Amino acid sequence: MSNELRLESRCVKGVTLIEVAVGIVVASLLFTGVVRGSTLIASAQTKRISAEISAVTAAYLTYRDRYRSIPGDDGGAAARWAAVSNGNADGVLSGRYDDEPPPDLSALTIDTAQGESLNFWSHLRAAKLIPGPESGPGAASPPPHAVGGRMGVQQGGFGLQGPVLCLNGIRQDIASVLDRDMDDGQPGSGSLRVGVASGDPPNTEYQMNGEDLVVCVSLDGSRGGLPGPLYAQPLANGGGLVMPSQGNGGNAPQNNANGKGNGGQPNGQNGAGPGKNGNGAGYNASGK
């Protein structure tokens with residue numbers, strides 16, 4: 001009897017060890033599957049966000065090239081499309097990227113402090129450069145981005161100057177990949193910068209378990225500007241101040257500041273550097 005009990009005990013122990021081993025293998029496979037699945041989802045979301053940024057940037061640059069104005073700030077838009085409102089044509093986008101749109105486009109107030117960041121979208125839609133309603137409710141509403149947060153524009157952000165496209169609610173791992181794929185991989189430099197929604201200076205590094213971020217991308221491709229709050233007023237050479245130009249003989253005022261072009265960067269229209277009516281080539285480029 002004792003031998004039979006020993007055999008039975010060994011069998012029970014053997015089965016238990018096998019079950020534990022199988023359980024470990026299954027748990028490992030499940031964990032690997034979850035990690036890989038999360039990675040694939042994050043990769044897909046990153047690609048969609050990158051495509052959205054590229055689409056808005058292309059629409060913005062096309063509008064500027066076609067109408068020689070910043071969408072939203074365009075003072076001649078209403079003459080082309082009856083359903084839209086003019087901007088004040090001062091070369092600076094008023095308003096913030098996260099402003100709430102009015103229920104109807106006719107209720108949108110546009111002045112030097114507000115409105116143009118929403119008018120931006122109605123101008124692009126009226127020009128048929130992005131999808132969406134061209135009049136009525138929703139015409140001035142920013143589209144959501146791929147992970148469901150707010151996407152909008154404003155003048156400057158995180159030290160960037162000129163019009164920027166900002167997206168909030170972006171996880172740090174997605175922001176890190178976006179920065180590496182589209183810019184220099186550094187959150188506080190380059191033409192793509194990230195920070196927290198409170199408007200503190202841009203991050204100096206990515207923390208994979210940190211809070212969600214706001215990602216801002218220069219629509220003109222500018223890397224200029226000092227690190228600063230998200231909602232800082234544009235610097236003097238970021239646009240809006242009319243200074244003497246050296247283009248067209250050097251005595252005519254140029255479009256938007258400091259011997260620089262519409263986007264506040266060197267080489268713009270009537271600018272001091274090589275630009276349209278200047279000494280070289282390029283229109284509203286960032287020193288190129």
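The values are calculated or read from the model by the stated rules, or taken from the named source; none is laboratory data. Fair warning: this is a prediction, and the values are worked out from it, not measured in the lab. Positions of Cβ are backbone-derived with ideal geometry, glycine not excepted, and every protein chain shown enters the neighbour counts.
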Next item on the list: Answer with yes or no whether ARG96 is under 25 Å from LEU160 (Cα atoms) and among the charged types (D, E, K, R).
Entry: yes
Note to self: Just to be sure I understand the filter: pairs with C-beta atoms under 6 Å, separated by 6 or more residues or on different chains, first member in the stretch 179-203 and under 21 Å from ARG48 (Cβ atoms) and touching a residue at least 12 places away in the same chain (Cβ under 8 Å), second member of a type in the set (D, E, K, R) and in a helix (DSSP H, G or I). Which pairs pass?
What the structure shows: LEU192/ASP179
Checklist line | Single condition PRO133 does not satisfy, out of (1) touching an Asp or Glu at 6+ places or on another chain (Cβ under 8 Å); (2) without any contact (Cβ under 8 Å) to a residue 60 or more places away in the chain; (3) not aliphatic (A, V, I, L, M) | finding: (1)
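Could you tell me whether THR112 is part of a loop (DSSP other than H, G, I, E, B) and among the hydroxyl-bearing types (Ser, Thr, Tyr)? It would help to see each step written out before you state the result.
Details: part of a loop (DSSP other than H, G, I, E, B): yes; among the hydroxyl-bearing types (Ser, Thr, Tyr): yes.
Considered against the rule, which asks whether it is part of a loop (DSSP other than H, G, I, E, B) and among the hydroxyl-bearing types (Ser, Thr, Tyr), THR112 comes out as yes.
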Check: Which residues, counting only those in the stretch 91-111, are of a type in the set (A, V, I, L, M, F, W, C) and without any contact (Cβ under 8 Å) to a residue 60 or more places away in the chain?
Finding: LEU105, ALA107, LEU108, ILE110
Notebook entry, point to check: Considering only residues of the stretch 74-102 that are at pLDDT below 95 and loosely packed, with under 13 Cβ neighbours inside 10 Å, which is nearest to GLN155 (Cα to Cα)?
Noted result: GLU100
Margin query: Please go through (1) touching a Pro at 6+ places or on another chain (Cβ under 8 Å); (2) in contact (Cβ under 8 Å) with a residue 40 or more places away in the chain; (3) crowded, with 19+ Cβ neighbours inside 10 Å; (4) closer than 11 Å to VAL214 by Cα for ARG150 and return the number of the only condition it doesn't satisfy.
Written below: (3)
